[in-house]
Amino acid sequence: MPNDDSRSPQPPTSGAPTPPSQSPNGQQDVSSHATGDTAGSAAFSRPDGVQGSFTARPSRPPAPPAAPRPSPEQARVFGRPAGNADSFNQQHRPPQPPHRPAAPPPVPYAKAFSRPQGADDLQRRPGAAPYQIQLRESPWWKPDAPRDPWRDPSASAVLVAPSDGDEDEDSGDDGVVDTGEQKRRLRLGDLPLRIGALLLAGALFVALAAGATGFFLAKRASESPLTKPSPEYNTVDNTKEPSTIGEIADKVQPSVVKIEVVVGSSGGSGSGVVIEEDGYILTNNHVISAAADQPEAAITVYYVDGSASPAQIVGRDTASDLAVLKVDKPGLVPIDIGKSGNVKVGDEVVAFGSPLGLAGTVTSGIVSALNRPMHLGGEGSDTDAYILAVQTDASINPGNSGGALVDAQGALIGINSAIASFASAGGQAGSIGLGFAIPVDYAMSIATSLISGEQPQHGSLGLSAESVTDGTNDGVRIVRVDPGGAAEQAGLAAKDIIVEADGIKIGAVEDLLAVANLRKPGDAITVKVISGNSEKDVQVTLG
């Protein structure tokens, strides 16, 4: 079969595209692609006589336009002055100082950083022999030693002793001692062995002597007895003319202390009164009772001058809410001790203590009542006391407990112990102007017993009673008498009603217990009794 290429070309059939014709330079003639649009062919065809690109590229960039010449006015304003082709004001240029070579470095720097003698370079070339420097032979421990023994002996840099001519140029040096021959530093190694041994022996002797002295002083302080048979108080006559509150404060504050008790992670604070020069401090039992049976408890006393010392419990009495501490501190100022019989309702009084932990607080008021029956029983304390208190309107708050209540002469008339207040649920009680103090005569009798090593004794009526009232009069009705007790021996019986004891009106059981509690066994009191339809006075000797 003959090849298809030998066939003669056939005219294109209807509807087939006509192939574009080739131009003489091998490019397709785009005009043959036109579909009869004469306007499009004229718009996009090459110009006449152009076979390649539409326009010829320039062989080099066009020259920049010439800068416009300034106008005569601009040349006059901005041009250089006539005859000056350099700077605008060359004739006024400041003269330049002539160049001078730098001054040579000071001698210490030259000695430290200059080339070694005979060397033409700071570092010898590899393979060259070390510089030969003549050094003076001297032991390393002497000041003029030429070599530091702690450096590498084979190092190329060594310490060189200064020459004799440089010593005068070396100005004063810190730490240098002038011995008259040459300046040298004082080193520990300069001390002779014998002198060093002698100084060491002296230091050891002083240390041993100080330790022995401290040991014996501490031992003597710790062995001082907690009790003494006859304590001595500053008893005064508190019937003098009154003083100002400022004078009272200056006098009494050195005798009042703050007491802090820490038991494990809990603690509390209160106040105390220095009653004896040997370190005895009177306070409330409920202030320190938490530490009474706890070996790990710590009691610390803080003084008005800011110092502090540990304290030990000498003794305590739960039935009177009183306790005595002892501290080992010289120079204590004991308070003046007054008498309860000289205290009258309306007398001016001043309260001292550390309310809410605020040490050195002073408040003032008056005695608003005497022989106020009170039952003292602090929360978390074993206190169970009945007292006939001194009532005052001087502001007293928690932390005042154990502090001093003094009269206008600064004499102690009571130990602050309790307050009356309206405490909200979950809140802490605060002062409402009713505070109560243990009378000084009773407090000091308890303190004397504790300091003497005795346990205080309290009187007892030997009966059980209940509070009663008929709507007009109040009293205490005896429910039972103890066989062989004080009440039975005095002839009292059940159903008898006691309305008075030792001149004090009895309106509740607490009042009767307070009267008996303030007396000692063997003391006699007179009680007024209603038995049946008769009233009689009965003398009872307390058991």
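Throughout, read-outs are computed from the coordinates displayed, never taken from laboratory work. All values reported here derive from a predicted model rather than from experimental measurement. Because the Cβ atoms are built from the backbone with ideal geometry, glycine has one as well, and the counts that use them run over all protein chains shown.
Descriptive notes on the structure:
- Each Lys or Arg adds one and each Asp or Glu subtracts one; over the other residues with Cβ under 9 Å from the Cβ of LEU376, this totals -2.
- Once the mean of 1/r is taken over each pair of separate Cα atoms and inverted, segment 461-543 shows a Kirkwood hydrodynamic radius of 12.4 Å.
- Given LYS251/LYS326; LYS326/LYS505; LYS228/LYS528; LYS339/LYS495, the pairs whose alpha carbons are separated by over 32 Å: LYS326/LYS505; LYS228/LYS528; LYS339/LYS495
- Rounded to the nearest 0.05, the FRET efficiency derived from the C-beta distance between ALA420 and SER230 at R0 = 45 Å is 0.75.
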